[in-house]
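Take a look at the structure below.
The values are calculated or read from the model by the stated rules, or taken from the named source; none is laboratory data. Source: prediction; values computed, not measured. Cβ placement follows ideal geometry from the backbone for every residue including glycine, while neighbour counts extend to all protein chains displayed. Ligands, DNA and RNA are stripped out before the accessible areas are found, and what is left, the full protein with its side chains, is counted by its heavy atoms. Shrake-Rupley method; radii C 1.70, N 1.55, O 1.52, S 1.80 Å.
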Amino acid sequence: MPASPSTARAINDRLALRLLQQEGALTAAQLKHLTGLSRPTVADLVERLTAAGLIAVVGESGEQRRGPNAKLYGIVADRAHLAALDVRTEGVSVLVSDLVGRVLAEASVPIDGAMGTGPALEQAVALVERAAKEAGAERLHTVGIGAPGLIDPGTGELRPSTGLPVWHRRLVAALQERFPESRVSVENETNLAALAEQRDGAARDRDTFVLLWLGLGVGAALVLDGTLRRGASGGAGEIGFLPVPGTPGLPSATDCDGGFHSLAGAAAVAELAAGYGLGAGPMREAEAGGAAADPAAPVREAVRRQDAEPAARRFLADLAERIALGAAAAVSVLDPGCVVLAGEIGRAGGDDLAARVRERLARLSPLPTEVRPTLLGGEAVLRGALLTARDRAQEDLFAQR
């Protein structure tokens, strides 16, 4: 059964908007070529989308002949404003952007672990308010939040966790109360980092890969056949609980000590580094939410000193051996073909650590697997939150066509 004229127009409009989202500004002639639609049909949809305030002339192409087809049409960037948040135990970072993802304001604030839930929420919400005001955003269409912890697939909310502050779970409600017209959602930070690496980073050419997050804690994100996989309970990638050799015990349902976390988390990395005369030693206080610490400091130090000091090389070799254990488990089950080392430690280790993990992984698994360092570093979670917020906002606005 052929589509009705109104349905056909809606389909054509959505197609054109998606192309403008993916390709940037286009001329009517380029839209005609990319959509396969006739010139009159393209002219009609351009007129409709312009009248609806979704697209506008944003410039001219470099063609010699001037005329209607030389005009460049793009999505109206200020049709909606978005906010992205990276929520950590020690603070919050936020950026505000327009509909095409151009960053208009950025800010961050530390939050003391000893601060009560109410004051912590007030600081976080006030930070978003200030950033929105600086960006000139009268309202926020969509707010995307990246946070540690499990997301309940039924409710979309953070699950209670003894290791995370209570204000994390209450932040969505607090922002929704302050911005009642906004669409506010939360996603696991490692999942967002994977989405960002897939779109703009180390996995741009991969439909299937595993991202290993190596920071204060460890985690993994799974992208299979182009789709992020969260698992039946939202816990896919909780690799910190993975039983591995080399730990004094086994993890439990409530404690990942004894799992992969005990080999590759920041505290374990700091202790390993201290044994080689690197870094500042144990990080237990920082890991528990005390004084802020840099989990990547010993790795950066080792990379810098490895050419001259055998101890630094041995530390990196041992660290790569540990990381390869967790990577091998994911590779043996999923056969992703690619592992991205992300988080503060993955970024600090760079190509050198990735090459070492690749070499050790090749001895543990018969499955060919690339190992790549993050290209986005500390920006990955915010970038992923922004991409997710932008996609949701555009989907909502474009659905009106």
## Note on the structure
Looking across the range 238-252 at residues that are assigned to a loop (DSSP other than H, G, I, E, B), in contact with a Phe, Trp or Tyr (Cβ under 7 Å, 6 or more places away or on another chain) and of a type in the set (A, V, I, L, M), the single one that is most open to solvent (accessible area, probe 1.4 Å) is LEU242
### Message
If a residue must be over 20 Å from GLU90 (Cβ atoms) and either in contact (Cβ under 8 Å) with a residue 24 or more places away in the chain or in contact with a Cys (Cβ under 6 Å, 6 or more places away or on another chain) (or both), how many such residues does the range 151-170 contain?
### Response
6
### Task
Give the range 323-350 a look and list any residue that's of a type in the set (D, E, K, R) and buried (at least 23 other Cβ atoms within 10 Å of the Cβ), or say none.
ARG347
### Message
Need the failing condition index for GLN176 against (1) free of Cβ contacts under 8 Å to residues at least 12 places away in the same chain; (2) closer than 30 Å to ALA267 by Cα, just the number.
### Response
(2)
### Residues of the range 335-355 satisfying the condition of being within 18 Å of LEU222 (Cα to Cα) and in contact with a helix residue (DSSP H, G or I) (Cβ under 6 Å, 6 or more places away or on another chain)
VAL339, VAL340, LEU341, ALA342
### Message
Tally up the residues in the range 260-281 that are open to solvent by less than 40 Å² (accessible area, probe 1.4 Å) and either out of contact with any helix residue (DSSP H, G or I) (no Cβ under 7 Å at 6 or more places or on another chain) or free of Cβ contacts under 8 Å to residues at least 60 places away in the same chain (or both), please.
### Response
10
### Query
Among the candidates LEU45, LEU34, LEU49, LEU104, which residue alone is over 16 Å from ASP13 (Cβ atoms) and modelled with pLDDT of 90 or more?
LEU104
### Counted residues, the range 72-86 - those being in a strand (DSSP E or B), modelled with pLDDT under 95 and either among the hydrophobic types (A, V, I, L, M, F, W, C) or in contact with a Gly (Cβ under 6 Å, 6 or more places away or on another chain) (or both)
2
### Query
Somewhere in the range 295-314, is a residue at pLDDT 95 or above, outside any helix (DSSP H, G or I) and open to solvent by 40 Å² or more (accessible area, probe 1.4 Å)?
no
### Query
Inside the range 194-237, counting only strands (runs of 3 or more DSSP E) that do not spill past its ends, which hold 2 or more residues that are touching a strand residue (DSSP E or B) at 6+ places or on another chain (Cβ under 7 Å) and buried (at least 22 other Cβ atoms within 10 Å of the Cβ)?
209-214, 218-224
### Message
Can you say whether ALA292 is outside any helix (DSSP H, G or I), surrounded by fewer than 19 Cβ atoms within 10 Å (Cβ to Cβ) and at pLDDT below 95, as far as the supplied structure shows?
### Response
yes
### Query
Is it the case that some residue within the range 114-134 is assigned to a strand (DSSP E or B) and touching a helix residue (DSSP H, G or I) at 6+ places or on another chain (Cβ under 9 Å)?
no
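Checking the conditions here, which among VAL103, VAL58 is of a type outside the set (Gly, Ala, Ser), open to solvent by 20 Å² or more (accessible area, probe 1.4 Å), over 21 Å from the mean Cα position of the chain (by Cα) and over 21 Å from LEU171 (Cα atoms)?
After ruling out the rest, the residue left standing is VAL58.
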### Task
May I ask you to verify whether ARG372 is closer than 21 Å to LEU192 by Cα and surrounded by fewer than 24 Cβ atoms within 10 Å (Cβ to Cβ)?
yes
